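Take a look at the structure set out below.
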């Protein structure tokens, strides 16, 4: 009875996570390892050089010896990954320092204002890759109960690709909804949307029962930028670059179109075999490390993945499979229906109209797309979003459109998530179907109890 | 005559072409149009001649999203001869807004410049267009409509992506002349194609593209 009362009157108070762009050592750990074999030494040397880990003892990787102490400082976002790697190679370790920053703080003389003033991250501006890396680490740090950053793979130029997992703590095995952004470098609004999406989910988690409901059974895997090398290239060199940065023909030609590189009728339609083309499909299916990084994870988890979303621009479309054939997928009607609902929800916000349909009919034929591949390996719901606009600005969408674009797109994406959640996890507590409905039911229950 | 779903590729490509043509014919330093929606599309296959699309569509002003205009058009793609531009006939519902005042203001401003106007990257990487560059952008939009019309086929969909470079060329007569290098985005091949255009404009005489040529890809570097 008291439980009802408690639930009736509890209102989530939300404290949005703010964070600072300044360097700190929060959560960094120092590990103590004594390598036993030459193989272990070699693996540790490799780990230190590729991840650029901070060696405290010895100072250089080449001085690592079997039977001798090794102390490494591992930055917080890499801690899990490094430990996983050590476990995999049966290298045992001890944690020498659990949190380097704590130690630093303890040994720093007290000054008048010890606290750093956190700067807010602007979600209504475009951010270069360095800032997105920092943002990911901070998001995990400020929301550690819900968010973990995971290693996906590496780009051609050896940059680490991370995705964020948003997961409500629970004993249950969850199903998964995957969303990736930034497959094409010049489509800047796409990574901006992934960041916005993460922010919205985390900010509204406490106050929005719909979010808590679907997170009961579904984890969200969000990849803010897949084509990191290309994205950086579009910031530093050529704003309208599309592909990745893989070198071909002795470095005289660069880039594979990652969205023609997946193993979905690869190399058949709407592609070029010529590196100088923007739709060059690569030297073979999954020839690119970025493609393989996505494929490896999704293959591994495919029996749990209910929905695959990939975000692009421009054109204002929600595209369904397939691009490589006009033959519709078995669940075409349902796919279309859900997409129409999502597009309608989007239009309600600012009147922006989206078209819905299979790529092969609405646009043109193309093979090797990630969305086709996801559907072909059995992920039931697979959609490509092409965000604003319709060509007025195209790829160079002004920053003042980031907010409205993200707000309306959020409605479409959550409509899809809600549908998937209702379909695979029907029922669920009445409390959580809608805030006010739940509240009034609670109050009714409470009143009934008081009266009887 | 076959009815086409208005969302389908060929219909939207034909409508985009009609839009470019309309922008070329009616564009000015004050206006430019982008295709917002296709309402209806039908296709007629004419033996020995080509494919003719009958379209009803809505245009949106690139400077004012809420300003729209309804149009109809017939677009004929000539069979086999990809060198010849498609034939376009169109009607516009209602009157287009009169921007004579703005035209004269722009004209006078450019004529009174001490140094020839020169600029790059419009819009810039972040989508910004300085207000004084808007007419320059609108002129390019209209002129690119001509280039797009002349080079379109049933399997292409062009859009002006960016003005890479623009330089005014001083003239002794009353016309304003601008030399542009623009970037066209082609939606099927996804190519970014640099294109040079020489554009003449006069408030009373409208826009003329006196010279245009496709540039090699490395013109971007």
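Bear in mind these aren't lab numbers, they're just calculated from the coordinates by the rules spelled out. Note that the structure is predicted; figures quoted are calculated from it, not measured. Note that each Cβ is placed from the backbone with ideal geometry, even for glycine, and that neighbours are counted across all protein chains shown.
Working note: 222 nm ellipticity from helices only, DSSP H runs with n ≥ 4, each -39,500 (n - 2.57), summed and divided by the residues of chain A, gives -12000 deg cm²/dmol to the nearest 500.
Inter-part distance, region B:1-76 to region A:299-314, computed on C-alpha centroids, equals 35 Å. With the helix formula -39500 (n - 2.57) applied to DSSP H stretches of n ≥ 4, chain B reaches a computed 222 nm mean residue ellipticity of -7000 deg cm²/dmol. Packing around the peptides B:133-140, A:295-302, taken as the average count of other Cβ atoms within 10 Å per residue, puts them in this order, highest first: B:133-140, A:295-302.
Shown here are the Rg and Dmax of the Cα trace of region B:104-157, at 14.4, 45 Å. Arranged from fewest to most other beta-carbon atoms within 10 Å of their beta carbon, A:275, B:71, B:214 become B:214, A:275, B:71. A straight line joining the Cα centroids of region A:351-420 and region B:77-123 runs 32 Å. Of interest is the spacing of the C-alpha centroids, which for region A:156-203 and region A:29-91 amounts to 29 Å.
Taking the DSSP beta bridges in the protein assembly as shown as the whole, what percent of them are antiparallel, to the nearest 5? Antiparallel: roughly 80 percent of the beta bridges in the protein assembly as shown. Once the Cα atoms are used to define both axes, helix B:9-26 deviates from the longest principal axis of chain B by about 40 degrees.
Dimensions of chain B based on its C-alpha atoms, expressed as ranges along the principal axes with the largest first, amount to 57, 42, 35 Å.
In terms of other Cβ atoms within 10 Å, A:179, B:1 run from fewest to most in the order B:1, A:179. Spin-label model, residue A:165 to residue A:144: label points 7 Å out along the Cα-to-beta-carbon direction sit 1.7 nm apart. Computed over the alpha carbons of region A:138-230, Rg followed by Dmax gives 13.8, 42 Å. Shape summary of region B:1-74, radius of gyration then Dmax from alpha carbon positions: 13.0, 42 Å. With contacts taken as Cα pairs under 8 Å at a separation of at least 6 residues, chain A carries a relative contact order of 15 percent. Peptide A:345-354 has a mean of 1 when you count, residue by residue, the C-beta atoms of other protein chains within 10 Å of its C-beta. With distances taken between every two different alpha-carbon atoms, region B:119-205 has a Kirkwood hydrodynamic radius of 13.6 Å. Its Cα gyration tensor gives the protein assembly as shown an equivalent ellipsoid; the semi-axes, largest first and in whole Å, are 48, 32, 26.
For region A:226-321, the alpha-carbon coordinates run over 42, 29, 24 Å along the three principal axes, in decreasing order.
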